[in-house]
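The values are calculated or read from the model by the stated rules, or taken from the named source; none is laboratory data. Since we're looking at a predicted model, the values are computed, not measured. Ideal geometry is used to build each Cβ from the backbone, glycine not excepted, and the neighbour counts take in all protein chains shown. We work out accessible area using only protein heavy atoms, side chains counted, and drop any ligands, DNA or RNA first. Shrake-Rupley method; radii C 1.70, N 1.55, O 1.52, S 1.80 Å.
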Amino acid sequence: MAVDVYHEGERAAQRRSGLLDQGGFSARAIQHAIPAVARDFLARQVMLVLGATDAEGRVWATLLSGPPGFLRAEDDTTLAVAALPAPGDPLRSRLGEPAPVGMLAIEASSRRRMRMNGRSTPVAGGLRVALEQVYANCPKYIQKREPHPEQAAPGEPVTSSALSPDQRELLSRADTFFVATADRDGDADASHRGGNPGFVQVLSDTTLRWPDYVGNAMFNTLGNLEVNPAAGLLFQDWATGTTLQLTGTARTDWGPAAAGSLPGAQRVVDFTVSAVVEIPSASRLRWSAPAFSRFNPPLPTAS
């Protein structure tokens, strides 16, 4: 049956949400090979989000970028990535050896995205990933942006165990972030979250909360959190290329009270920060101002 592509945590999340049947239907989209149309899509991309677990068991999400062609399907089940994380990135050394990875190729200009999970091995100047799962996701909650590259070297990483006031301000106005998780075996996943600016609530210098909106009922992220609370978040300053990477733990609040306070929320996720890495100009990409998705729910009204 198609539902066999899910592990125990994903099935548990589908049951808790009452969407087990819909999750089984969505499982039909998960393939083991890259479709022909997806090869063309990958060849056009300039950005890839990658999630993995470091040597200490912490989960991180990182951003890889390059000119069109830096992603290339070598065959139906192998993706070549001609890029590495910036110096000082918490996954740079980890990707110097074989690792399970979750990846998301996202084209903001067309609101298209494609998820890929597999096993990476290092090659000169990049990675080669043997793919195990390949599937497209719907365009919901993706803000439309146009990229343009700039030649700027990454700055020195700034590390801490809590968010600074400037970092908190960046997160409080974010309309997009990426989340990496992993199952019990360390098999990783990378996913997108989007909403109107302010949909991420910064509750303290170590605590975030965000609403979980209606999706495809696969529950890859929340399913991983059911069996492994480790998670990594990636935010970026779209105007400067600066990235902000957070690692810590996440917990899903399935109760109606928390979700009921946030328009459009089906449930709520609370994230506790344990480490922060900020890298100025980590990405060579700069982006236009966003056109917000029509699917973004409104923010709570002030009382």
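May I ask you to say which residue of 75, 40, 54, 4 is in contact with a Phe, Trp or Tyr (Cβ under 7 Å, 6 or more places away or on another chain), surrounded by fewer than 20 Cβ atoms within 10 Å (Cβ to Cβ) and charged (D, E, K, R)? None of the other options fit; the residue is 54.
With the structure loaded, tell me whether residue 254 is open to solvent by 40 Å² or more (accessible area, probe 1.4 Å), of a type in the set (Phe, Trp, Tyr) and on the phi < 0 side of the Ramachandran plot or whether it fails that test.
On the way: open to solvent by 40 Å² or more (accessible area, probe 1.4 Å): yes; of a type in the set (Phe, Trp, Tyr): yes; on the phi < 0 side of the Ramachandran plot: yes.
Here the answer is yes, as residue 254 does meet what is asked.
Could you pull out every one of the strands (runs of 3 or more DSSP E) wholly within segment 238-303 that has 2 or more residues that are within 25 Å of residue 181 (Cα to Cα) and touching a residue at least 24 places away in the same chain (Cβ under 8 Å)? In segment 238-303, the matching strands (runs of 3 or more DSSP E) lie at 243-253, 267-279. Within segment 18-34, the set of residues being within 22 Å of the chain's Cα centre (by Cα) and of a type outside the set (A, V, I, L, M) comprises 23, 26, 28, 31, 32. Considering only residues that are more than 26 Å from residue 256 (Cβ to Cβ), open to solvent by less than 50 Å² (accessible area, probe 1.4 Å) and touching a helix residue (DSSP H, G or I) at 6+ places or on another chain (Cβ under 7 Å), which ones fall in segment 8-30? Within segment 8-30, 27, 30 qualify.
Filtering segment 152-163 to residues that are small (Gly, Ala, Ser) and in a loop (DSSP other than H, G, I, E, B) leaves 152, 153, 155, 161, 162. Go through segment 226-249 and give me each residue that's farther than 21 Å from residue 64 by Cα and open to solvent by 20 Å² or more (accessible area, probe 1.4 Å). Across segment 226-249, the qualifying residues are 226, 227, 228, 229, 249. Scanning segment 142-151 for residues that are part of a loop (DSSP other than H, G, I, E, B), open to solvent by 30 Å² or more (accessible area, probe 1.4 Å) and not charged (D, E, K, R) turns up just one, 151.
Here segment 62-83 is the region considered, the condition is being part of a loop (DSSP other than H, G, I, E, B) and in contact with a strand residue (DSSP E or B) (Cβ under 6 Å, 6 or more places away or on another chain), and the residue that is nearest to residue 129 (Cα to Cα) is 77. Of all residues in segment 84-109, those satisfying the criterion of being assigned to a loop (DSSP other than H, G, I, E, B) and open to solvent by less than 50 Å² (accessible area, probe 1.4 Å) are 85, 86, 88, 89, 90, 91, 108, 109. Residues in segment 119-134 that are more than 12 Å from residue 188 (Cα to Cα) and either touching a Phe, Trp or Tyr at 6+ places or on another chain (Cβ under 7 Å) or open to solvent by less than 10 Å² (accessible area, probe 1.4 Å) (or both): 126, 127, 129, 134.
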